[in-house]
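Worksheet for the structure shown next.
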């Protein structure tokens, strides 16, 4: 995927997906991937058992996680295809710029994990008045091309997802009960990274719901490596508390322009106050890691509270702190 020059046009700006759909067949003729194979992909048990992802069969994964891995791999193929269309310039270029700036591969290289960055780049990074994303364009294209409806439904669940702040409320076997602040929604979730955490912790994570309700498995999946929030008091064992993040929301939700607190919260978590808002929070708040989780400290609206903000670095240098 390469950066593109903006296409000059005298026409009124229309939704990106309409432009991509109108010209997509022309670009398909130059592609190596047979789009018909992708189009005919289906979400069903037989397909999941046959599919290979990074050398391992999806049957080795939890079934909820497996469906989303399968969908993610198909979306990744479509992102490469769609990303070649000039109409995608306002999404492609910011995506490439962010990849170059943050080098998302997880610690120690970068606090932005690959799972986080994929979801941000595909489902949250937007352009235009209708806030179109790679995900919305891909879903519109798939509907037009007659993709499997179950697969499109899974794509839509991924597109509708967002990051959120969750309070750890205990365990049920190998699953964790999480309650989201502001919305107060509860869910039981598996944690593919293997980190089960501790009751009372606040997590920053993207949770995907059960993809195929007809199976009635009754749990969700924390699709991103969980970010565990800490107090910025130089004590690595001091976890952040829910009250601190409720205070953050009280200071900021009104700035979204949304009247209802839950609507404002969902908007803020999906889009931030700018396109890289949450990327910057992760980058500046990075406070350490283990293989299964990443630790963050501070609040996005209080620069001095984040270990790697320019303001904090300036004070540390002034006082001779490393």
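The values are calculated or read from the model by the stated rules, or taken from the named source; none is laboratory data. Everything numeric in this text was worked out from a predicted model, so none of it was measured. We place every Cβ from the backbone using ideal geometry, glycine too, and count neighbours over all the protein chains shown.
Among the residues of the range 147-188, those that are outside the structural domain of residue 67 (by TED's automatic domain parsing) and over 18 Å from residue 205 (Cα atoms) comprise 172, 173.
The selection criterion, being at pLDDT 95 or above, crowded, with 22+ Cβ neighbours inside 10 Å and either in the same structural domain as residue 212 (by TED's automatic domain parsing) or in a strand (DSSP E or B) (or both), does not hold for residue 116. Of the residues making up the range 161-174, those that are crowded, with 18+ Cβ neighbours inside 10 Å and farther than 23 Å from residue 121 by Cα are 167, 168. The single condition from (1) more than 22 Å from residue 248 (Cβ to Cβ); (2) at pLDDT 95 or above; (3) exposed (fewer than 15 other Cβ atoms within 10 Å of the Cβ); (4) more than 20 Å from the chain's Cα centre (by Cα) that residue 216 fails is (2).
For the range 62-70, the condition of being at pLDDT 65 or above and not in a helix (DSSP H, G or I) holds for at least one residue.
Of all the criteria given as (1) crowded, with 19+ Cβ neighbours inside 10 Å; (2) under 21 Å from residue 192 (Cβ atoms); (3) at pLDDT 95 or above, the one not satisfied by residue 134 is (2).
Of everything in the range 71-98 that's touching a strand residue (DSSP E or B) at 6+ places or on another chain (Cβ under 9 Å) and surrounded by 22 or more Cβ atoms within 10 Å (Cβ to Cβ), which residue is modelled with the highest pLDDT? Looking at residues that are touching a strand residue (DSSP E or B) at 6+ places or on another chain (Cβ under 9 Å) and surrounded by 22 or more Cβ atoms within 10 Å (Cβ to Cβ), I get 91.
Just a yes or no: is a residue in the range 81-95 without any contact (Cβ under 8 Å) to a residue 60 or more places away in the chain, assigned to a helix (DSSP H, G or I) and under 28 Å from residue 295 (Cβ atoms)? Scanning the range 81-95, I find no residue that is without any contact (Cβ under 8 Å) to a residue 60 or more places away in the chain, assigned to a helix (DSSP H, G or I) and under 28 Å from residue 295 (Cβ atoms), so the answer is no.
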